[in-house]
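Below are the C-alpha cells for one structure; questions will follow.
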Amino acid sequence: MSTTTRRFRRIRSWQELLHVASIPLLAIFTLDPRTLHPSYRMTLRRRLALVFRLWRNTRRIETGISYKAHVAMAAKLLATPPEVDGVVVECGSWNGGTTANLSLICRVAGRQLIVYDSFEGLPAAEPGDRHARPEARGLYCGDLDTVRSNVSRYGDISRCEFRQGWFADTLPHHDRRIVLMYLDVDFQSSLHDCVVNLWPHLTRKGYTFVDEYVLLDYCGLFWSESFWERHFAARPPGLMGSGTGVGVGQYYLGPFDWSVDPTSVAYTRKDFSGLWGYERS
Ligand SMILES: C[S@@+](CC[C@H](N)C(=O)[O-])C[C@H]1O[C@@H](n2cnc3c(N)ncnc32)[C@H](O)[C@@H]1O
C-alpha cells in the first residue's frame, strides 16, 4: 500500500469517527426543538433515532451525500407547519441513498416524496455546460428497480412516487406545490431544467437544497441577477452555504480537492434575497 493510500485511509477513518460522534450533536443542535414545529412531537429520543437511522442508511446504500445534509433538510422540513400544503421533490437519486432518507423524513412530516430521475444516469453533455463532460454520460446510473428495492429495505416506499425520464421532458409537467426540493443533478443544464420548471411550484417559504455547493460558479445560478430577471422577473434568492456548505459540524474551508470530505449542503428559500443593489452615485 502506498504512503498516499495509507494517509488517505487514516484521514477517512478520522472522518468516520467524526461522523459518528456528530450524531447526538446533530440531534440536539441541528434538530433544535425550539425551531421544529411542535406537532411533529420530536422528543430527544425520536431525534436521536432519526439521525442514527439517517447515518446508518448512508453506510448501507452507496451515496455521495452525507447524512448531515439529510439532517439539515429534516430540520427545515420539520420546521414547516403541517398545514402548509406541499410535497417534497428529489431530482437525482442514483441508488436511492438520499431517497430512502428523505422518505423517512417525509414519514415523520406526513408528506409525499416525488422522485425525478432518468434512472439511466447522467445525460449527454450540452454545449456550453462547464460541469458536463461527454465521457460522464450514463454515470451515476441507479435503475428504478434498484432504487425501489433500496428504499423498500431502508426507507418508506409508501411515501414515494417515481417519475422516470429526462428532466427537460418530465419536469414541465410537474403540478404539485413543493415545500422542499433537493437537487443533486451535477450538470448545469440539469440544474437549469430543475430550477426553471420547479421554482414556480415552491410555496412562499419553500426550500431548495443543492448538492453542488462546493463549486462557486455552480452556486452562481442562485446569485445571478440576469438569470432570475430573465426567467422569473425576480431578484436572485442567494444561496446559504455557497462554497463550503451550511454549518452541520465539519472542518472544511474550501476550495474543493478530492482529499477532503465536505459533508454539508447549501440551500435557499423562495422568499430570500441575494441582491446587492447598492450603487454609489
Ligand atoms: C450524483 S447523482 C445523485 C446522487 C444521489 N442524490 C445520492 O444521494 O446518492 C445525479 C443523478 O442525477 C440524474 N440526472 C442528472 N441529470 C439528469 C437529467 N437531465 N434528467 C434526468 N436525470 C438526471 C442522474 O441519473 C443521477 O441519478
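The values are calculated or read from the model by the stated rules, or taken from the named source; none is laboratory data. On a predicted model such as this, the values are computed, not experimentally measured, just so you know. Note that each Cβ is placed from the backbone with ideal geometry, even for glycine, and that neighbours are counted across all protein chains shown. The protein model used for the area step is the full one, side chains on, heavy atoms only, and it has no ligands, DNA or RNA in it. Shrake-Rupley method; radii C 1.70, N 1.55, O 1.52, S 1.80 Å.
Do you know which of the residues in region 244-281 that are at pLDDT 95 or above and of a type in the set (A, V, I, L, M) is farthest from Asp217 (Cα to Cα)?
Among residues in region 244-281 that are at pLDDT 95 or above and of a type in the set (A, V, I, L, M), the one farthest from Asp217 (Cα to Cα) is Val248.
Now, a different point. Step by step: first the residues of region 81-105, then only those that are at negative phi and open to solvent by 20 Å² or more (accessible area, probe 1.4 Å), then the one that is farthest from the ligand (Cβ to nearest atom). Which residue is that?
Per the criteria, the residue is Glu83.
A further question on this structure: Picking from Phe52, Phe29, which residue would you name as being touching a helix residue (DSSP H, G or I) at 6+ places or on another chain (Cβ under 7 Å) and open to solvent by 40 Å² or more (accessible area, probe 1.4 Å)?
On inspection, the qualifying residue turns out to be Phe52.
Just the residues that are without any contact (Cβ under 8 Å) to a residue 40 or more places away in the chain and away from the ligand (no atom under 12 Å from the Cβ), please, taken from region 159-195.
Of everything in region 159-195, those that are without any contact (Cβ under 8 Å) to a residue 40 or more places away in the chain and away from the ligand (no atom under 12 Å from the Cβ) turn out to be Pro172, His173, Asp175, Val195.
Residues being of a type outside the set (Lys, Arg), more than 15 Å from the ligand (Cβ to nearest atom) and in a helix (DSSP H, G or I): count how many of those fall in region 49-80.
6
To keep it simple, each residue is scored yes or no on (1) near the ligand (Cβ under 10 Å from one of its atoms); (2) open to solvent by less than 30 Å² (accessible area, probe 1.4 Å); (3) part of a loop (DSSP other than H, G, I, E, B).
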{"site": "Val108", "(1), (2), (3)": "no, no, no"}
{"site": "Arg111", "(1), (2), (3)": "no, yes, yes"}
{"site": "Ile114", "(1), (2), (3)": "no, yes, no"}
{"site": "Phe119", "(1), (2), (3)": "yes, yes, yes"}
{"site": "Leu122", "(1), (2), (3)": "yes, yes, yes"}
{"site": "Gly128", "(1), (2), (3)": "no, no, yes"}
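Any idea which residue in region 130-154 is surrounded by the most Cβ atoms within 10 Å (Cβ to Cβ), counting only those that are under 25 Å from Asn57 (Cβ atoms), within 12 Å of the ligand (Cβ to nearest atom) and within 19 Å of the chain's Cα centre (by Cα)?
Out of the qualifying residues, it is Val151.
Further, regarding this structure: Which fully enclosed helices (runs of 4 or more DSSP H) of region 160-267 have 3 or more residues being open to solvent by 30 Å² or more (accessible area, probe 1.4 Å)?
Ranges flagged: 188-198, 225-232.
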